[in-house]
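Quick notes on the structure that follows.
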Amino acid sequence: SDQLHIRNFSIIAHVDHGKTTLSDRLLEATRTISEREQREQLLDSLDLEREKGITIKLKPVRMEYRAADGQLYQLNLIDTPGHVDFSYEVNRSLAACEGALLVVDASQGIEAQTLANTYLALENDLVIIPVVNKIDLPGAHPEEVAQEIETVIGIPAEDAIMASAKEGIGIAEILEAIVRRIPPPRGQRQQPARALIFDSHYDPYKGVIAYVRVVDGAFTSRDRVRFMGTGAQAETLELGIFRPAMTPLNELVAGEVGYIATGLKSVADCQVGDTITLADAPAAEPLPGYRPAKPMVFAGLYPIDSNAYPELREALERLKLNDAALSFQPESSAALGFGFRCGFLGLLHMEIVRERLEREYKLDLLITAPSVEYQVLLSDGEIVTVANPSEMPDQSRVEAIEEPVVEISVIAPVRYIGTIMELVTTRRGTFISMDYLDPTRVLLKYRMPLAEIVIDFYDQLKSRTQGYASLDYHLAGYQEADLVKLDILVNGQPVDALSLIVHRDFAYQRGRDLVERLRQLIPRQMFEVPIQAAIGSKVIARETIRALRKDVLAKCYGGDVTRKRKLLEKQKEGKKRMKMVGSVEIPQEAFMAILSLN
Ligand code: GTP
């Protein structure tokens with residue numbers, strides 16, 4: 001259809017504020033799909049997402065809407081992932097739109113992640129339509145929330161639409177606002193074709209399916225296309241739109257949202273943010289804003305059963321087909337054998353990959369503590385990147401170490417300011433600013449090393465604020481720091497997979513806490529096991545695990561056979577996530593001990 005009758009929009013919302021419910025309502029109201037279909041199609045997200053109670057991303061969908069002006073409009077809803085790990089993808093999804101619904105829970109108010117994404121939307125020149133949702137809740141204070149949106153973002157409170165996605169209140173008004181307030185796309189139909197990739201998935205029959213917003217020109221189902229960022233070329237196998245099922249068409253034109261099936265074998269060739277053009281009549285310039293996905297958090301993945309190494313490699317290769325942000329390369333550890341150093345966008349991404357490997361590929365894995373990537377300047381002038389703490393060069397060869405730093409935003413009730421300050425200080429954070437959103441809530445900004453975020457910062461923040469604080473962060477460059485490698489020795493043997501990089505000022509404290517925690521986590525053995533933390537050859541902390549006569553059966557005085565079997569069974573189970581390191585069995589939890597210090 002002509003561009004004047006197209007509206008492309010996304011929904012920005014904090015987890016649980018009602019994005020999924022509202023999308024369902026919009027689809028119902030536009031009769032895009034029936035209620036029964038919805039359950040089947042829309043909610044076919046990963047099991048994992050369902051279990052965690054979060055939606056990572058919904059499929060894009062095209063709706064047809066007859067507006068009050070009598071005209072028929074094409075509405076394209078493009079979802080944005082609501083998690084901090086995926087902020088680059090959020091940015092590109094927003095770049096594919098002209099407007100966004102900002103959905104805020106009337107009983108909660110605006111949260112850090114939502115605010116960050118709203119700023120991204122404003123940077124991309126989107127029109128924001130505030131929607132105050134859940135006004136049916138007894139604890140709702142919609143007027144105050146609308147006022148808060150005005151204070152923080154500057155959109156007049158009276159522009160906010162009061163809604164209840166659950167009860168179907170405000171839905172008609174939202175649809176009208178989408179048509180009236182959001183401008184139509186501004187691309188040029190006559191220009192060489194350009195489409196922005198905002199997502200993709202791998203299909204075993206059609207290869208990589210690129211989710212695109214056509215900006216200029218047109219694409220047909222017979223075109224040969226080129227990816228301007230990666231340089232890859234492909235034959236279009238099919239193109240079409242999401243309704244929400246993939247529906248083939250003959251062409252996609254400027255302003256429209258849809259998919260292009262490329263036959264490519266890996267999403268790495270078809271990255272989010274890249275521009276697709278026609279191979280025979282290419283555009284001169286790609287669309288702005290492309291950058292390849294960059295992992296920020298690294299961890300070692302090792303099969304518990306070392307024979308499963310080839311399976312782990314294959315599983316990672318398969319996952320990578322669908323996940324351009326996942327990186328991996330072989331590494332070996334004296335303690336753990338052969339495995340892979342994997343790079344992730346963040347901790348949630350890491351958890352998702354780990355769980356998928358275990359569930360979908362039935363692998364038993366051991367994962368080491370997450371680390372960041374350091375830039376190390378050596379005495380001879382060479383610069384090396386180190387993503388595995390055990391590979392940090394010897395101190396005598398190191399001139400300087402730089403670590404990634406992030407700027408964090410925390411939104412929390414005023415009464416937690418002290419608590420948050422304290423937590424941030426113990427994590428080497430420095431204060432940037434504090435702004436009141438309203439008399440009861442503040443927005444705090446700090447600069448902080450990423451390494452301090454990846455070790456359990458979010459959980460600590462949540463628990464110390466009874467769940468009230470929300471967090472967002474983005475990379476703010478690299479910064480030199482006085483860092484040292486802390487080695488852990490178990491039974492006199494250094495265990496490379498337990499090494500970590502710490503700031504010199506915190507080394508003693510971390511060392512003491514860590515050996516204490518390891519003493520609790522490593523089960524008693526038949527002999528006494530010393531646990532030590534050392535910097536270079538200097539031991540800075542020590543604990544001892546006392547010996548145990550581990551004759552479990554001795555406990556079964558009566559010789560009851562079933563009881564005995566049960567105990568043996570239990571013992572076997574307890575062994576599952578253990579690795580034999582030298583003569584000591586070390587459980588999975590010990591490798592993550594750094595994440596469970598208090
Ligand atoms: P994620 O899937 O985690 O991103 O959350 P979401 O933002 O998609 O929220 P979702 O639509 O799943 O809604 C979260 C919860 O709020 C669900 O239990 C909904 O039933 C409920 N909910 C959504 N809208 C309303 C509303 O208008 N009123 C009330 N009372 N509850 C609502």
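The values are calculated or read from the model by the stated rules, or taken from the named source; none is laboratory data. Computed from a predicted model, the values in this text were never measured in an experiment. Cβ sites come from the backbone with ideal geometry, for glycine too, and all protein chains shown count toward neighbours. Surface accessibility is based on the protein's heavy atoms, side chains included, excluding ligands, DNA and RNA. Shrake-Rupley method; radii C 1.70, N 1.55, O 1.52, S 1.80 Å.
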(request) Filter the stretch 122-140 for residues that are part of a loop (DSSP other than H, G, I, E, B), modelled with pLDDT of 90 or more and away from the ligand (no atom under 16 Å from the Cβ) and give the result. (result) Asp125, Leu126
(request) Give the residue, chosen from Ala172, Ala163, Ala218, Ala193, that is in contact with an Asp or Glu (Cβ under 8 Å, 6 or more places away or on another chain), modelled with pLDDT of 95 or more, within 16 Å of the ligand (Cβ to nearest atom) and not charged (D, E, K, R). (result) Ala163
(request) Look at the stretch 190-217 and say how many of its residues are surrounded by fewer than 19 Cβ atoms within 10 Å (Cβ to Cβ) and closer than 22 Å to Met63 by Cβ. (result) 1
(request) Starting from the stretch 504-516, take each residue that is closer than 9 Å to Gln532 by Cα and list its partners that are among the charged types (D, E, K, R), counting only C-beta distances under 7 angstrom and pairs at least six apart or across chains. (result) Val515/Arg542; Val515/Glu543
(message) I want to confirm something. Restricting to the stretch 373-393 and keeping residues that are touching a residue at least 60 places away in the same chain (Cβ under 8 Å) and in a loop (DSSP other than H, G, I, E, B), which single residue is farthest from Pro295 (Cα to Cα)?
(response) Met392
(request) Inspect the stretch 106-121 for any residue being within 16 Å of the ligand (Cβ to nearest atom), surrounded by fewer than 20 Cβ atoms within 10 Å (Cβ to Cβ) and acidic (Asp, Glu) and give the result as yes or no. (result) no
(request) Identify all residues within the stretch 325-341 that are within 24 Å of the chain's Cα centre (by Cα) and open to solvent by 30 Å² or more (accessible area, probe 1.4 Å); write none if there are none. (result) Ser327, Phe328, Gln329, Pro330
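May I ask you to list the residues in the stretch 275-298 that are under 20 Å from the mean Cα position of the chain (by Cα) and either more than 18 Å from Arg92 (Cβ to Cβ) or surrounded by fewer than 18 Cβ atoms within 10 Å (Cβ to Cβ) (or both)? Full working, then the answer.
First, pick out the residues of the stretch 275-298 that are under 20 Å from the mean Cα position of the chain (by Cα): 289-298.
Within the stretch 275-298, Gly289, Arg291, Pro292, Lys294, Val297, Phe298 qualify.
Here's the yes/no breakdown for (1) open to solvent by less than 50 Å² (accessible area, probe 1.4 Å); (2) basic (Lys, Arg); (3) in a helix (DSSP H, G or I):
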{"residue": "Glu358", "(1), (2), (3)": "yes, no, yes"}
{"residue": "Ser396", "(1), (2), (3)": "no, no, yes"}
{"residue": "Glu402", "(1), (2), (3)": "no, no, no"}
{"residue": "Val410", "(1), (2), (3)": "yes, no, no"}
{"residue": "Tyr416", "(1), (2), (3)": "yes, no, yes"}
{"residue": "Glu422", "(1), (2), (3)": "no, no, yes"}
{"residue": "Met448", "(1), (2), (3)": "yes, no, no"}
{"residue": "Ile453", "(1), (2), (3)": "yes, no, yes"}
{"residue": "Leu461", "(1), (2), (3)": "yes, no, yes"}
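Would the stretch 178-185 turn up any residue that is modelled with pLDDT under 95 and exposed (fewer than 15 other Cβ atoms within 10 Å of the Cβ)?
Step one: of the stretch 178-185, the residues modelled with pLDDT under 95 are none.
No, because not a single residue in the stretch 178-185 is modelled with pLDDT under 95 and exposed (fewer than 15 other Cβ atoms within 10 Å of the Cβ).
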